[in-house]
Amino acid sequence: MERPLVIWDGDCGFCRRSVDHLRARAGDRIAFEPYQSAHDRFPDIPREAFAAAVHLVETDGRVSRGAEAVYRALALVGARLPLLAHRWVPGFAAASEWGYRLVAANRSLAARVVHLLVGDLVGPPRFRLTRAVFLRALALVYLVAFVSLGVQVHGLVGEAGLLPAGEFLEWAQRLRGGEAVLLLPTLGWLGAGDTALSVMCYGGAAAAALAALGFSQGPLFAVCFALYLSLVHLGQAFLSFQWDVLLTETGFLALLLAPWNHLGPRRPSREPPPAPVAIWLLRVLVFKLMWSSGVTKLAWGDPTWRNLTALDYHYWTQPIPNPLSWYASQLPLLAQRVSCALMLAVELVVPFLVFAPRRPRLVAFWAFVILQLAIGATGNYGFFNLLTIALCLALLDDHAFPAVIRVPDTGADTPPEGLSRPRRPLVTVLAVLLVLLQVPPLLGSFNAPRLRRLEPRPLRVLTAAASPFLISNSYGLFRVMTTTRPEIQVEARAEDGDWTSLPFRYKAGDPARAPRFLAPHMPRLDWQMWFAALRAESLAGPSGVDASWLQRGDPWLARLVEAVLRGDQEVLALLGPSPFAATPPHEVRLVLWQYRFTDHGPDWWQRRRIGVVAGPWRPPQSPGSPRGWLVGGAVGIGTTGRPNAKVVPRPSVLLASIGHPWSSRIRLLMARPSPLPPAIDPSAPAR
């Protein structure tokens with residue numbers, strides 16, 4: 001015989017489907033024939049044996065049957081692991097043969113089960129179209145992320161921004177020397193001024209647009225990953241959100257999936273098949289994202305998730321609601337409880353379907369997509385919902401798409417990896433390392449230090465080495481639900497004038513102003529104001545607010561006050577139209593309010609004033625005074641409280657922060673103090 005021959009029962013529908021599946025993988029490397037026509041050529045094998053089990057006759061005359069025949073046939077087309085387990089794993093051969101006999105004795109039931117789990121797909125799944133759709137969707141997310149950041153990056157981390165990226169890198173290099181380059185991998189080391197930041201943002205947007213059109217996707221996604229990773233490090237607190245690191249992690253995995261062998265756009269049918277390991281790594285990320293988000297809600301001890309009351313607060317306490325948030329908050333309590341229970345089920349139970357056969361996996365896909373659409377419809381979360389939906393495309397195969405856009409069947413995907421031989425070992429080793437890197441974030445979801453101590457030292461070393469590249473991160477949105485909505489209003493006044501609130505573009509302010517739809521844009525200052533208000537509320541009390549709130553927790557907020565007093569246009573462009581656009585104000589203070597949605601009436605919000613938490617401040621008399629020094633007032637509720645103190649940056653802050661996993665590192669980076677002068681009597685004349 002020129003080719004190995006698989007002999008099977010031609011009268012068995014289940015056998016025919018199984019053979020068609022194997023034939024699709026084998027192509028012309030294996031011949032197939034029903035025993036009804038082949039048994040005469042093999043008189044040594046009883047007809048009853050042919051009817052009971054599949055047989056494989058190899059070119060050297062070797063005959064195997066049952067599970068062993070299946071494994072040997074798979075080995076002939078490249079899948080050698082089952083045969084190795086059959087040979088060397090104790091008990092595997094016996095269990096395999098027992099399972100084969102059980103299925104063979106119940107072929108009709110097995111056929112129904114397979115159809116229930118797999119549908120009408122025959123043959124191994126293909127992912128050419130899945131890859132094409134996923135990569136274009138991810139490129140569009142990159143495009144949105146770069147452009148959204150580009151329109152605000154100068155005010156956030158530019159040369160005259162709230163947290164200048166150049167100052168941050170200089171500070172890091174003074175403390176860690178050359179090691180800082182390895183601990184903060186960013187192209188900002190070549191330049192972090194306004195021009196460099198714009199080039200990174202809009203250069204990344206251009207690369208993403210070309211990738212979305214199908215041009216040279218492998219190299220272009222590498223450019224997008226390098227640029228966005230650079231911006232995440234340079235962005236400090238303003239790029240500390242989970243969707244930022246989710247984009248870097250997804251973007252890195254896309255490098256394993258994207259084609260590298262052409263420059264111009266090509267039809268998916270002309271592409272080599274993608275590496276299945278890349279598809280499965282994306283699915284592991286989907287599982288980690290969804291399941292961790294559910295586990296943290298229960299493991300971190302928040303009572304609102306455990307008693308299903310979290311959504312009673314969510315719609316009006318989330319950072320930036322939209323108009324539908326108000327309507328969702330008016331739903332009956334029973335609807336809120338049921339919605340909360342369904343969401344926890346989607347995050348805790350459905351993720352395990354990611355590893356199930358294709359039909360249960362389709363259920364997981366639609367459950368995740370519906371959840372993301374519901375979240376996106378009732379809140380503004382930047383590009384997070386689009387990115388998550390794009391990531392969930394990895395749960396599909398080509399057969400899941402409408403027939404009119406499916407890739408034509410051009411034969412078996414062989415070899416299945418679609419990779420050159422030199423790349424296969426590299427991708428395999430990288431895949432193993434990436435799977436190992438998922439262990440610490442998953443263990444961290446349980447909020448159990450004992451579990452973290454179980455990590456072996458080599459895994460901790462690997463995690464520390466990979467941490468600066470943000471390719472394996474922890475997730476857990478809203479693990480603790482906020483039950484109040486504090487808001488900081490920046491108030492200013494001219495000399496002898498009345499206090500006026502400076503409007504922000506998107507966050508809650510005027511009670512009569514309707515919330516806005518702004519996704520997928522991500523207004524990063526408005527988001528950070530939400531976090532700053534929560535921290536101020538936690539420190540507010542009869543004795544005032546701890547001065548370290550501004551100096552260590554939110555150093556950019558002191559820079560915001562200074563920018564308002566100076567009239568810095570790059571920063572003021574992040575705010576709404578200012579009544580002090582022509583002339584900077586004489587004084588600025590920060591006032592804390594409590595907001596919540598109204599139940600009815602013309603206004604969207606009702607609010608209650610808590611008091612002044614910081615200020616008032618006045619600009620320095622000398623126009624050439626260095627940035628970071630204000631003539632300021634007290635910090636505390638009302639005009640009382642502990643005075644500010646001049647703070648010198650402590651090297652230990654950065655020493656401890658760089659090299660930590662991302663979530664810990666960013667919290668410590670945000671602790672970089674901003675120097676403020678001693679408090680003065682706000683009624684005293686400016687010096």
_Verdict on PHE368 being of a type in the set (Phe, Trp, Tyr), modelled with pLDDT under 95 and out of contact with any strand residue (DSSP E or B) (no Cβ under 8 Å at 6 or more places or on another chain)_ = no
*Selected residue [surrounded by 17 or more Cβ atoms within 10 Å (Cβ to Cβ) and part of a loop (DSSP other than H, G, I, E, B)] from ILE7, ILE45*: ILE45
*For ASP194, indicate whether it is in contact with a Gly (Cβ under 7 Å, 6 or more places away or on another chain), at negative phi and among the charged types (D, E, K, R).*
yes
_Test: LEU426 is part of a helix (DSSP H, G or I) and at pLDDT 90 or above_ = no
*For the stretch 310-357, which residues satisfy the criterion of being within 25 Å of CYS392 (Cα to Cα), open to solvent by 20 Å² or more (accessible area, probe 1.4 Å) and either of a type in the set (Val, Ile, Thr) or touching a strand residue (DSSP E or B) at 6+ places or on another chain (Cβ under 7 Å) (or both)?*
VAL338, VAL346, VAL349, VAL350
_Which numbered condition SER472 fails, given (1) at pLDDT 90 or above; (2) part of a loop (DSSP other than H, G, I, E, B); (3) more than 30 Å from HIS314 (Cβ to Cβ)_ = (3)
_Every residue from the stretch 520-534 that is closer than 23 Å to TRP556 by Cβ and either open to solvent by 50 Å² or more (accessible area, probe 1.4 Å) or touching a residue at least 60 places away in the same chain (Cβ under 8 Å) (or both)_ = HIS521, MET522, PRO523, ARG524, LEU525, ASP526, TRP527, GLN528, TRP530, PHE531
_Members of the stretch 281-306 that are touching a Pro at 6+ places or on another chain (Cβ under 7 Å) and among the small types (Gly, Ala, Ser)_ = SER292
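Okay, residues lined up against (1) acidic (Asp, Glu); (2) more than 19 Å from LYS288 (Cβ to Cβ); (3) assigned to a helix (DSSP H, G or I):
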position: LEU324; (1), (2), (3): no, yes, yes
position: MET343; (1), (2), (3): no, no, yes
position: VAL354; (1), (2), (3): no, no, yes
position: ARG361; (1), (2), (3): no, no, yes
position: ILE370; (1), (2), (3): no, yes, yes
position: ASN380; (1), (2), (3): no, yes, no
position: LEU387; (1), (2), (3): no, no, yes
position: ALA394; (1), (2), (3): no, no, yes
*For the stretch 254-266, name all the residues that are open to solvent by 10 Å² or more (accessible area, probe 1.4 Å) and assigned to a helix (DSSP H, G or I).*
LEU255, LEU256
*Specify the residue that is nearest to GLY251 (Cα to Cα); the eligible residues are those in the stretch 123-163 that are buried (at least 24 other Cβ atoms within 10 Å of the Cβ) and of a type in the set (Ser, Thr, Tyr).*
TYR142
*Mind counting the residues in the stretch 440-468 that are open to solvent by 50 Å² or more (accessible area, probe 1.4 Å) and assigned to a loop (DSSP other than H, G, I, E, B)?*
5
*Counting only residues that are crowded, with 20+ Cβ neighbours inside 10 Å and polar (S, T, N, Q), how many does the stretch 483-496 have?*
1
*Which condition number does ALA79 fail, the rest of (1) small (Gly, Ala, Ser); (2) at pLDDT 95 or above; (3) in a loop (DSSP other than H, G, I, E, B) being met?*
(2)
*So which of ALA69, ALA95 ends up being touching a strand residue (DSSP E or B) at 6+ places or on another chain (Cβ under 9 Å) and over 30 Å from VAL564 (Cβ atoms)?*
ALA69
*Is it the case that the stretch 621-634 has a residue that's outside any loop (DSSP other than H, G, I, E, B) and modelled with pLDDT of 85 or more?*
no
*All but one of (1) within 28 Å of ARG359 (Cβ to Cβ); (2) assigned to a helix (DSSP H, G or I); (3) open to solvent by less than 30 Å² (accessible area, probe 1.4 Å); (4) not β-branched (Val, Ile, Thr) hold for ALA111, so report the exception by its number.*
(3)
*Residues of the stretch 172-211 that turn out to be part of a helix (DSSP H, G or I) and either open to solvent by 20 Å² or more (accessible area, probe 1.4 Å) or of a type outside the set (A, V, I, L, M, F, W, C) (or both), as a count*: 23
*Looking at this structure, is GLU68 under 30 Å from VAL277 (Cβ atoms), charged (D, E, K, R) and open to solvent by 40 Å² or more (accessible area, probe 1.4 Å)?*
yes
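The values are calculated or read from the model by the stated rules, or taken from the named source; none is laboratory data. Since we're looking at a predicted model, the values are computed, not measured. Using ideal geometry, Cβ is built from the backbone for each residue, glycine included, and neighbour counts are taken over all protein chains shown. Each accessible area value is taken on the protein alone, full model and side chains, heavy atoms only, with ligands, DNA and RNA left out. Shrake-Rupley method; radii C 1.70, N 1.55, O 1.52, S 1.80 Å.
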